[in-house]
Amino acid sequence: MRILLVVGRKKRGKTSLVEKLVPEFKRRGYRVGTIKYTTIDHQFDTPGKDSFRHTKAGAGTTLVLSPKRIALFSSDLRKKEPDELFKLFFQDYDLIIGEGFKNSPYPKIEVLDSSQDIKPLCGEKDNLIALVCDKKIDLKVPVFSFDEIEQLVDFLEKQIQKDKGD
């Protein structure tokens, strides 16, 4: 399992980049999972639904199974570190693409908008390995445009192979 993070300031295109990376990695044969960090404490479960009622009754974790999907609502599991959650939920995947988690030690691709951002949030010390930006800028890491997804994934595959020691 390899973990790759997409980071950047709000409204810069992080989710759009994830939407482009996932199908390209899948096309190349990877089993891909994603995880998203949000600073907003969303209400994920619907008041009045059975799962909501289970939680309200005191369940620390509620798992909902349907014929085609699973949903998990948990306040107990939220206390775990991201590494523990990655291992728990993504053990059968080749690659996890995380959106957010800018303070995590994993390799990062930052999305930057040159019209709004003077410099990236992350640097080499933060394990920044690439930048996706609307124009070429001079950095110590490769810079790709949103239209260069195949080239970006080529680069990322080389990084994954290097990390594996192949």
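The values are calculated or read from the model by the stated rules, or taken from the named source; none is laboratory data. Keep in mind it's a predicted model, so treat the numbers as computed, not measured. Note that each Cβ is placed from the backbone with ideal geometry, even for glycine, and that neighbours are counted across all protein chains shown.
Contact annotation: residue pairs with Cβ atoms under 9 Å, 6 or more positions apart or on different chains, pairing a residue in the range 141-166 that is assigned to a helix (DSSP H, G or I) with a partner that is modelled with pLDDT under 90 and of a type outside the set (S, T, N, Q), are Ile160/Asp166.
So is His54 over 28 Å from Phe155 (Cβ atoms) and either surrounded by 15 or more Cβ atoms within 10 Å (Cβ to Cβ) or modelled with pLDDT of 90 or more (or both) or not? Yes; evaluated as a whole, the condition is true for this residue. Could we say that Lys102 is at pLDDT below 90, surrounded by 12 or more Cβ atoms within 10 Å (Cβ to Cβ) and either of a type in the set (Val, Ile, Thr) or touching a Cys at 6+ places or on another chain (Cβ under 8 Å) (or both) here? The answer is yes for Lys102. Selection of the range 23-65 for residues being under 25 Å from the mean Cα position of the chain (by Cα) and more than 19 Å from Arg78 (Cα to Cα) yields Pro23, Glu24, Phe25, Lys26, Arg27, Arg28, Gly29, Tyr30, Arg31, Val32, Leu65. Checked against (1) modelled with pLDDT under 90; (2) among the acidic types (Asp, Glu); (3) closer than 30 Å to Asp154 by Cβ; (4) loosely packed, with under 10 Cβ neighbours inside 10 Å, Glu124 meets all criteria but (4). Test Val6 against the stated conditions and say whether it is touching a residue at least 60 places away in the same chain (Cβ under 8 Å), in a strand (DSSP E or B), under 15 Å from the mean Cα position of the chain (by Cα) and within 21 Å of Ile160 (Cα to Cα). Here the answer is yes, as Val6 does meet what is asked. A search for C-beta distances below 7 Å between a residue of the range 64-82 that is free of Cβ contacts under 8 Å to residues at least 60 places away in the same chain and surrounded by 13 or more Cβ atoms within 10 Å (Cβ to Cβ) and any residue that is assigned to a loop (DSSP other than H, G, I, E, B) and aromatic (Phe, Trp, Tyr), counting only pairs 6+ apart in sequence or on different chains, returns Phe73/Phe44; Pro82/Phe101.
Would you check if there is a residue in the range 77-88 being over 30 Å from Arg9 (Cβ atoms) and either touching a strand residue (DSSP E or B) at 6+ places or on another chain (Cβ under 7 Å) or outside any loop (DSSP other than H, G, I, E, B) (or both)? No, that holds for no residue.
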